[in-house]
Each structure stands twice: as structure tokens, then as C-alpha cells.
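Below: the structure, in C-alpha cells.
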């Protein structure tokens with residue numbers, strides 16, 4: 001009996017680890033891609049083509065016909081599945097119907113699954129679980145009992161479904177998106193049998209545009225992930241468009257500068273993929289085109305975004321001690337072939353006028369160009385000094401060839 005149990009444990013371990021260590025990046029036609037995706041699948045082919053031509057490489061799909069459509073425009077698809085429902089005949093059919101499709105890249109589990117049985121603000125109304133929505137945060141006995149009982153049903157179902165997926169498809173990754181504050185204890189219970197995790201965060205509201213929240217959000221999920229890749233889901237909508245209950249958050253689209261800040265900030269904090277939610281309801285074509293222009297900018301930098309950080313390049317902010325407290329300036333520096341990229345994000349509300357970048361000895365005498373601006377700096381003494389305005393992003397590269405020709409609505413002001 002003991003041997004049988006040990007054998008079962010071994011079989012489960014093999015099934016759950018069959019994917020191997022997922023880099024977080026996509027593979028298509030022999031090329032490695034930084035994931036740039038949308039939850040929206042445009043209804044018309046012209047809209048889908050425009051999305052793909054902007055640099056989008058992965059799109060959420062529902063069936064084989066959807067996969068045919070994204071394949072036709074050169075993109076990949078990710079497929080949501082009810083991981084929490086267990087291995088049903090319906091689930092088996094859903095997977096078998098698409099598992100051989102060349103455009104299928106990723107399986108996605110249920111969105112915000114932990115949030116929905118713990119802190120979801122509508123749970124007390126829709127299910128009569130809590131007397132009021134704060135019970136989860138107060139950790140009342142009723143809230144704890146309910147969440148533990150739900151986890152005891154949901155997590156084993158997720159495990160069993162993951163095992164089944166691995167048995168028929170050992171190569172494609174399985175990812176889970178959660179809410180920003182989804183409970184780490186319950187998330188960790190499924191981390192061992194998924195490949196990538198992340199959260200959605202939409203900070204732009206009419207009277208509250210704290211895009212610097214992206215930093216802490218990414219840091220939190222990097223901690224929860226324990227070394228597994230993190231994908232971040234960013235804002236592609238105005239809150240008043242997605243439901244009457246959000247009208248009080250106002251009509252406020254992310255500006256191009258805010259979208260650019262959010263994207264580079266999550267990458268600077270370790271994210272290995274960026275997906276956009278909410279564009280299905282997007283009424284502003286100018287906002288859409290601004291996000292497409294940003295996607296095009298990021299796609300042009302793909303060779304850098306999939307490269308490891310150059311740990312020899314260092315950054316520090318020079319200043320008076322009493323003037324330095326704040327979120328800070330964050331950087332990522334990467335190399336692709338003979339070219340270098342250095343991206344800087346000032347998360348503070350004040351200018352940082354003395355940002356020192358050192359370790360540039362290999363670039364002595366070379367020009368660093370601030371992409372999409374007329375600014376250039378020559379490396380001297382293995383360093384440069386950069387000035388950043390509040391919430392400013394600067395992306396320096398040894399070649400302007402990495403600039404995207406797409407410039408539509410880069411001036412979008414919301």
C-alpha cells in the first residue's frame with residue numbers, strides 16, 4: 001500500500017512539472033516574444049488586423065474558430081478554461097477541440113478565482129455570505145470559515161484539471177490572473193501547478209491617477225510568484241464605460257504618457273508580459289490608437305525585453321537626503337547583440353535632476369539616444385547623468401533603429 005501511495009505521488013509530481021520552467025515569454029516560428037496582448041477579440045477582421053499590426057502578439061480566444069482568426073493575422077491565442085470546475089466531460093471536449101491548433105499558446109485558469117471566494121466586494125450581496133463587505137478584511141470567523149471551505153473544494157479541482165491538461169498538453173503554459181490584493185495564502189496553494197501568475201490593476205480615475213501604484217502591485221506579485229514569471233494586466237478603458245456602479249470614478253482615459261509609464265514601470269519591476277483589459281467597451285478611438293502606438297513601441301524593443309538585465313549597469317539618484325524619500329527611480333538595462341537599452345522611470349511627484357548611470361565602460365564615447373525625442377548623450381568616464389521630470393519615462397538606446405514608425409496619438413491627453 002505504501003509503495004502504491006508513493007507511486008501515485010510520483011506520477012502527480014511528474015504530471016505537474018511536465019511543463020518545465022517557463023520563461024514567461026512566447027515562442028512563434030522560432031522567435032521568442034515578450035507577450036503583448038488584449039482580452040478583446042475584435043468582431044471584424046479589419047479590427048483584428050489593426051490590433052495585430054500594432055504589435056499585439058497574443059489575444060484571448062474562446063474556440064477553434066477564434067484561433068483560426070488570430071492565426072490569420074499572425075498572432076497567438078490564449079484560451080480560458082474552467083480550471084476550478086474539475087475534470088468534466090465538457091472540459092475534456094473543450095481542450096480536445098483546440099489542443100492541436102498551432103495558434104494556441106497559453107491556457108488560462110478562472111479569472112481572480114481567489115478574490116472571488118474571499119474579498120470580492122459583491123460576495124455578500126450575490127451569495128449572502130457576509131453581513132458586509134469588510135468581513136474578509138476583519139477576518140471574522142464567518143469569513144474565514146467560508147473561504148477555507150471554498151478553497152477545500154476549488155484548489156483540488158484546479159489541481160486535478162491541471163494534471164489532466166499536462167497529460168494531453170505538456171508543453172503549453174498555464175497562467176492565472178488575480179486581483180491586486182488576492183490572498184497570498186490561497187494563491188500559493190495553486191502556485192506549484194501553474195506556470196505564470198499576475199494581477200490586474202487599473203489606477204486611472206477622474207480624481208485619482210496614481211499610476212505609480214504599478215510598482216507596488218508588480219512587486220507584490222513577484223513575491224507571491226516565488227520566481228515564476230509575472231504578467232500584468234493594464235488599463236484600456238475609462239471606468240464610467242464598464243458599468244453603472246463605476247460611474248462615480250469618472251470619465252478618464254489613460255493618457256499616452258500614463259500608459260507608457262505603466263508599461264515601463266511593470267517591466268522595470270520584473271514583469272515578463274503585458275496584457276490589456278477593458279478595450280471591448282472602449283469608446284475613444286484616440287485612446288485605442290494611443291495604446292496601439294505604445295504596443296508598437298514595445299514590440300520594436302522585443303529583442304531587449306526578452307533579454308536578461310545587465311547587472312553591471314548601475315543607477316543611483318544623487319541628491320540631498322531630505323529630498324530623496326519617495327517611490328524612487330527605477331531602471332532596467334538590457335543588451336541585444338551590439339546594442340544597449342536603458343529605460344528609466346521616475347515614480348515620484350518631483351523631478352529627479354541627477355540620476356547617475358554607471359558601468360557603461362563598454363560604451364565609452366558612444367551616443368545614447370532618448371528614443372522618440374531629440375535628446376542624445378555621449379558616454380564619458382563610463383557614465384551619464386540623466387534628468388527626469390515627475391512621472392517621466394526615458395528610454396535610451398544605442399540606435400534609433402529601434403524606434404517604431406507608428407506615431408499616431410502619442411500625444412493623447414485623455
Residue 198, sole failed condition from (1) in a strand (DSSP E or B); (2) out of contact with any strand residue (DSSP E or B) (no Cβ under 6 Å at 6 or more places or on another chain): (2)
Residues of region 274-289 classified as more than 18 Å from the chain's Cα centre (by Cα) and more than 17 Å from residue 41 (Cβ to Cβ), total: 6
Top-ranked residue of region 214-253 - restricted to ones that are more than 14 Å from the chain's Cα centre (by Cα) and over 18 Å from residue 282 (Cβ atoms), ranked as modelled with the lowest pLDDT: 245
Residue among 152, 143 that is in the same structural domain as residue 38 (by TED's automatic domain parsing) and in contact (Cβ under 8 Å) with a residue 12 or more places away in the chain: 143
Out of 355, 329, 345, 384, sole residue that is surrounded by 14 or more Cβ atoms within 10 Å (Cβ to Cβ) and either in contact with a helix residue (DSSP H, G or I) (Cβ under 8 Å, 6 or more places away or on another chain) or without any contact (Cβ under 8 Å) to a residue 12 or more places away in the chain (or both): 345
Region 15-51, residues that are loosely packed, with under 12 Cβ neighbours inside 10 Å and either within 23 Å of residue 280 (Cβ to Cβ) or at pLDDT below 50 (or both): 43, 44, 45, 46
Some residue of region 80-89 being modelled with pLDDT of 95 or more, under 26 Å from residue 264 (Cβ atoms) and either surrounded by 13 or more Cβ atoms within 10 Å (Cβ to Cβ) or not assigned by TED's automatic domain parsing to the domain that holds residue 273 (or both): no
Qualifying positions in region 358-377 - assigned to a loop (DSSP other than H, G, I, E, B) and either at negative phi or in contact (Cβ under 8 Å) with a residue 24 or more places away in the chain (or both): 359, 360, 364, 366, 371, 372, 373, 374, 375
Breaking point among (1) touching a helix residue (DSSP H, G or I) at 6+ places or on another chain (Cβ under 7 Å); (2) outside any strand (DSSP E or B), for residue 59: (2)
Residues (crowded, with 21+ Cβ neighbours inside 10 Å and over 30 Å from residue 253 (Cβ atoms)) located in region 189-206: 190, 193, 194, 195
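Matching residues to (1) out of contact with any helix residue (DSSP H, G or I) (no Cβ under 9 Å at 6 or more places or on another chain); (2) in contact (Cβ under 8 Å) with a residue 12 or more places away in the chain; (3) under 30 Å from residue 135 (Cβ atoms):
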residue	(1), (2), (3)
188	no, yes, yes
195	yes, yes, no
204	no, yes, yes
227	yes, no, no
232	no, yes, yes
238	no, yes, no
241	no, yes, no
246	no, no, yes
271	no, yes, no
Test: residue in region 310-324 that is farther than 15 Å from residue 214 by Cβ and within 16 Å of the chain's Cα centre (by Cα): no
Residue identified as within 30 Å of residue 210 (Cβ to Cβ), in the same structural domain as residue 339 (by TED's automatic domain parsing) and out of contact with any strand residue (DSSP E or B) (no Cβ under 7 Å at 6 or more places or on another chain) among 356, 392, 375: 375
Criterion violated by residue 155 - all others in (1) under 24 Å from residue 121 (Cα atoms); (2) more than 14 Å from the chain's Cα centre (by Cα); (3) crowded, with 20+ Cβ neighbours inside 10 Å satisfied: (3)
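The values are calculated or read from the model by the stated rules, or taken from the named source; none is laboratory data. Not measured: the values here are computed from a predicted model. Note that we place each Cβ from the backbone using ideal geometry, even for glycine, and neighbour counts take in every protein chain shown.
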